[in-house]
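Engineer: Quick one: the structure is below, questions incoming.
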Amino acid sequence: MPGLETTAFSIITQIKSNLVDRYSSGFPILKELIQNADDGLAKTLLICHHDGWSDADAILLRYPGILIANDGEFKQTHLTGLRSFGESSKTAET
């Protein structure tokens, strides 16, 4: 739309609002990652803890975290869904 502007702040605010709405209590992000593995027909789901790399260039990698991986199918539509926050690649499948 001509003349419509979106600032970085408004995008961050929208992401924050979506996270609060969708992931408010319990362990919903973990549940979502497990569901993603199931949707991809994964046979293996790996969940592990890492203490972080103290000398990592990326600051988030310097601290403890959880790594989650699976061997399920990953299509181009899934990548598009990851890049489009707030949308779902499942919408096209229904």
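Engineer: Once you put a point 7 Å from the Cα of Lys43 and another 7 Å from the Cα of Asp55, both along the Cβ direction, what distance in nm separates them?
Structural biologist: The answer from the label model is 3.8 nm.
Engineer: Where does the chain land at 222 nm, in deg cm²/dmol rounded to the nearest 500, when only DSSP H runs of n ≥ 4 count, each adding -39500 (n - 2.57), divided by all residues?
Structural biologist: It lands at -11500 deg cm²/dmol.
Engineer: Simple spin-label model, 7 Å along Cα-to-Cβ: Lys31 to Ser17 in nm?
Structural biologist: Placing both labels 7 Å beyond Cα along the Cβ direction yields 2.4 nm.
Engineer: Now for a separate question. Taking the highest mean first, how do the peptides 28-35, 14-21 order by number of other beta carbon atoms within 10 angstrom per residue?
Structural biologist: Averaged packing, sorted descending, gives the order 28-35, 14-21.
Engineer: Can you work out the base-10 log of I(q)/I(0) for the chain at q = 0.10 1/Å, using the Debye formula on its C-alpha atoms alone?
Structural biologist: Taking Cα atoms of the chain as identical point scatterers yields -0.40.
Read-outs throughout are calculated quantities, based only on the coordinates presented, and are distinct from any laboratory measurement. Computed from a prediction, not measured in an experiment: that's the story for all the values here. Glycine also receives a Cβ, built like all others from the backbone with ideal geometry; neighbour counts cover every protein chain displayed.
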